[in-house]
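Novice: Have a look at this one before I ask anything.
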Amino acid sequence: MDGNARAARRVLLLGGTAEARELAVLLDGRPEFEVISSLAGRVAAPELPPGRTRVGGFGGPDELRAWLETERIDAVIDATHPFAARMTASAVAATSAANVPLLLLRRPGWIAGAQDDWRRVPSLRAAAANLPGKRVFLTTGRGSVTAFASDTTRWFLIRSVEPPTPPTPPHAHILLAKGPFEVKDEIALMRRHAIDTLVTKDSGGQMTAAKLTAARHLALPVIMIDRPPPPNAPTTSTAKSAAKWLFTQA
Ligand code: NAP
């Protein structure tokens with residue numbers, strides 16, 4: 001090795017989002033970094049990013065800290081979903097304990113326009129307690145349907161990538177589908193099922209935003225579940241700026 005050459009910096013990229021994949025693609029083949037992408041393992045056939053991957057939880061913040069030390073990780077980028085609060089809390093605690101720099105990569109939340117009827121609520125439970133209609137399009141993800149399970153008075157169209165975790169509401173149709181979705185298809189779907197209320201998390205991004213445009217078009221109320229409070233850590237919103245940050249961590 002030439003005397004000036006440096007070992008590649010080892011980066012843990014906590015993923016499960018389009019932004020994480022985008023960053024893995026940007027860093028793929030860069031000699032400066034060796035990236036290990038980490039997935040929770042919830043999806044049966046995940047779209048794996050390029051480069052090295054690992055799948056499954058670490059076992060909590062202490063175990064993550066030990067893993068960071070064993071793997072001699074130089075920097076962590078948490079590009080998990082804005083609602084993956086446990087993983088993010090674990091990353092904040094473990095990187096602080098191991099003295100490893102951490103950056104959060106978070107897509108911005110959605111912003112209502114003048115024509116939108118969005119009703120913001122702080123939690124799934126608050127969403128379940130504040131449904132204005134009787135035929136509800138539930139798009140909050142497979143793990144969140146149980147919050148609506150005791151509702152025997154409404155009918156739910158439940159859309160998720162993987163089958164929802166039981167219990168589910170008694171009157172429901174489950175639709176397994178993965179974005180991106182088109183506005184015209186979302187309008188047709190909502191019309192076909194006579195939907196009168198849309199429930200969503202404030203996930204942000206383009207992949208699933210068409211349902212919001214469709215709801216506006218159909219003048220439907222949207223119950224928008226707010227993101228969990230962000231941790232106190234440096235944050236950026238694009239894969240490009242996250243890659244730039246890595247170069248500053250030399
Ligand atoms: P969570 O509640 O914050 O995580 C629960 C546990 O799963 C974590 O404590 C961790 O286990 C493990 N985990 C989560 N993300 C991981 C990752 N990238 N690599 C390794 N272990 C991970 O998260 P979640 O809401 O279940 O989300 C799971 C995954 O799905 C995340 O990767 C997230 O980006 C993605 N996702 C979530 C949503 C959503 O709405 N929540 C939507 C789209 C994609 P240990 O404590 O054992 O380390």
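The values are calculated or read from the model by the stated rules, or taken from the named source; none is laboratory data. As the structure is a computational prediction, the values presented were derived from the model and not from experiment. A quick note on method: Cβ atoms are made from the backbone with ideal geometry, for glycine too, and the neighbour counts reach across all protein chains shown. Side chains included, ligands, DNA and RNA excluded: accessible areas come from the protein's heavy atoms. Shrake-Rupley method; radii C 1.70, N 1.55, O 1.52, S 1.80 Å.
Novice: Suppose every Lys and Arg Cβ carries +1 and every Asp and Glu Cβ carries -1, with no other charges. What dipole size does the stretch 36-141 come out with about its Cα centre, to the nearest 20 debye?
Specialist: About 480 debye.
Novice: A further question follows. Let me spell out the model: positive unit charges on the Cβ of Lys and Arg, negative unit charges on the Cβ of Asp and Glu, origin at the Cα centre of the chain. What dipole size does that give, in debye rounded to 20?
Specialist: 560 debye
Novice: Let me ask something else. How do 52-61, 192-201, 137-146 rank on mean C-beta neighbours within 10 Å, highest first?
Specialist: Ranked by mean Cβ neighbours within 10 Å, highest first: 137-146, 192-201, 52-61.
Novice: Something else: Kindly give Rg over Rh for the stretch 127-250, based on alpha-carbon atoms, with the Kirkwood expression for the hydrodynamic radius.
Specialist: 1.06
Novice: Could you work out Rg/(2.2 N^0.38 Å) for the stretch 107-186, with Rg from alpha carbons only?
Specialist: This ratio for the stretch 107-186 stands at 1.14.
Novice: Still on this structure: Find the accessible area per residue for the stretch 34-74; the probe is 1.4 Å, ligands and nucleic acids are left out, and the unit is Å².
Specialist: Ligands and nucleic acids excluded, the figure is 60 Å² per residue.
Novice: Please list the non-local residues whose amide H lies under 5 Å from the amide H of Trp118, H modeled 1.01 Å from N, same-chain partners needing a gap of 5 or more.
Specialist: Here Val222 satisfy the definition.
Novice: Here's something else I'd like to know. In whole percent, and with a 1.4 Å probe on the protein chains, what portion of the accessible area of the stretch 166-230 is carbon and sulfur?
Specialist: 59 percent
Novice: Also, quick follow-up: For the charge dipole of the chain, defined by +1 on Lys and Arg C-beta atoms and -1 on Asp and Glu C-beta atoms about the Cα centroid, which residue among His173, Ser90, Ser37 has the Cα displaced farthest towards the positive pole?
Specialist: So the residue we want is His173.
Novice: Which one, Ile111, Ala129, Pro49, projects farthest toward the positive side of the charge dipole computed for the chain from Cβ point charges (K/R +1, D/E -1)?
Specialist: Ala129
Novice: Sticking with this structure for a sec: How about Lys201: which lysines have a C-alpha closer than 16 Å to its C-alpha, ignoring those fewer than 8 places off in the same chain?
Specialist: Answer for Lys201, where 16 Å is the Cα cut-off: Lys178, Lys211, listed by chain and number.
Novice: Return the aspartates and glutamates within reach of Lys240: Cα separation strictly under 20 angstrom, same-chain partners fewer than 8 residues apart disregarded; answer none if there are no such residues.
Specialist: By straight Cα distance, Lys240 reaches Glu19, Glu22, Asp28, Glu32, Glu34, Asp74, Asp78.
Novice: Charges at C-beta only: +1 for Lys and Arg, -1 for Asp and Glu. How large is the resulting dipole of the stretch 137-227 about its Cα centre, in Debye rounded to 20?
Specialist: 100 debye
Novice: Rounded to a whole number of µm²/s, how large is the Stokes-Einstein D of the chain at 10 °C and 1.306 mPa s, given Rh as the Kirkwood radius over C-alpha pairs?
Specialist: 81 µm²/s
Novice: So, one more: Taking +1 at the Cβ of each Lys and Arg and -1 at the Cβ of each Asp and Glu, which of Ala239, Ala188, Gly204 sits farthest along the dipole of the stretch 170-244 towards its positive end, judged by Cα position relative to the Cα centre?
Specialist: Positive-most Cα among the choices belongs to Ala239.
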